1. Please go through region 167-194 and give me each residue that is within 15 Å of residue 211 (Cα to Cα), at pLDDT 95 or above and open to solvent by 70 Å² or more (accessible area, probe 1.4 Å), ordered by number.
2. Conditions first: (1) within 17 Å of the chain's Cα centre (by Cα); (2) among the aliphatic types (A, V, I, L, M); (3) surrounded by fewer than 19 Cβ atoms within 10 Å (Cβ to Cβ). Residue 77 passes all but one, so which condition is the exception?
3. Anything in region 12-43 that is closer than 21 Å to residue 85 by Cβ and among the acidic types (Asp, Glu)? List them, or say none.
4. So which of 153, 163, 109 ends up being surrounded by fewer than 12 Cβ atoms within 10 Å (Cβ to Cβ), of a type in the set (A, V, I, L, M) and more than 14 Å from the ligand (Cβ to nearest atom)?
5. Quick check, is residue 44 at pLDDT below 95 and on the phi > 0 side of the Ramachandran plot?
6. Condition check: more than 14 Å from the ligand (Cβ to nearest atom), in contact with a strand residue (DSSP E or B) (Cβ under 8 Å, 6 or more places away or on another chain) and either under 29 Å from residue 153 (Cα atoms) or modelled with pLDDT under 95 (or both). Does residue 128 satisfy that?
7. I'd like to check something: does region 112-120 contain any residue that is modelled with pLDDT of 95 or more, touching a Phe, Trp or Tyr at 6+ places or on another chain (Cβ under 7 Å), open to solvent by less than 20 Å² (accessible area, probe 1.4 Å) and within 15 Å of the ligand (Cβ to nearest atom)?
8. Restricting to region 11-26, name every residue that is within 14 Å of residue 157 (Cα to Cα) and either open to solvent by 60 Å² or more (accessible area, probe 1.4 Å) or among the hydroxyl-bearing types (Ser, Thr, Tyr) (or both).
Amino acid sequence: MRIDILTLFPEFIRQAVAFGVLGRACERGLVEVEAWNPRDYAEGGYRRVDDRPFGGGPGMVMMIDPLSRALAAAREADARPLHVIHLSPQGQPLTQARVRELAAMPRLALVCSRYEGVDERFIEHEVDEEISLGDYVISGGELGAAVLVDAIARLQEGALNDAESAVQDSFEGDGLLDCPHYTRPVDHPFGRVPDVLLSGNHAEIARWRRAQSEARTRERRPDLLADPEPSPGNAGRGG
Ligand code: 9D3
């Protein structure tokens, strides 16, 4: 699939996609990432991409036209239809379920904003969907774009080797947190590897791991166990 990214910091994106699973997926042509700088589509000697907000207030707002022209240039670089995402604190929080849907699309554009955000008319006219990384503040959309590209790339056929296989991941497999992992040495000043993992009894090991996963999920992320659609008369947590 192809992902076009609109950003004032194209080098940030190019660096972010260069390593590990994601870097390999790009090299193999499983994902094609292209960065576009709205400043290259701005007018005048100052190449202005932001201006003061109408109504007053602090900070600056990204102007419509440099973004719109950069998006048009990206659109014209490939014939496939483009699904446009704005990374925004006002978006829907990203989930693995949404990542899976996006990973099946032929083409995405990711719009990264800086300053206080983007002129709302650009969002109304050009953006299909807004996505947030979660309820905390970061300085711009680039890290969000990098997260999205990574999450999408590793779901492309052939991106992971057997050892990295995605099916056992939390949220991909059974929706539980992962069990703890251990490697050599068996004995260490920090503790000993649990005996069950050294037993060679694979059925017992599988049971132990499953129990660990369930216990950790219950303790750390009970929200993952909660019934997403409580039945009438059920306050939401089941039993
Ligand atoms: C501190 C500025 N805030 C004033 C109330 C608003 C604000 C504007 C722009 C907060 C953050 C940003 C920049 N953030 C993003 O572009 C962003 C983001 C985020 O901040 N949190 C979670 N996900 C995302 S995706 C893009």
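The values are calculated or read from the model by the stated rules, or taken from the named source; none is laboratory data. Bear in mind that the values here come from a model prediction, so they are computed numbers and not experimental data. Cβ sites come from the backbone with ideal geometry, for glycine too, and all protein chains shown count toward neighbours. All accessible areas refer to the heavy atoms of the entire protein, side chains included, with ligands and DNA or RNA removed. Shrake-Rupley method; radii C 1.70, N 1.55, O 1.52, S 1.80 Å.
1. 178, 181
2. Single failed check for residue 77: (1).
3. 32, 34, 40
4. Matching residue, one of 153, 163, 109: 163.
5. Here the answer is yes, as residue 44 does meet what is asked.
6. So residue 128 passes the test.
7. no
8. 24
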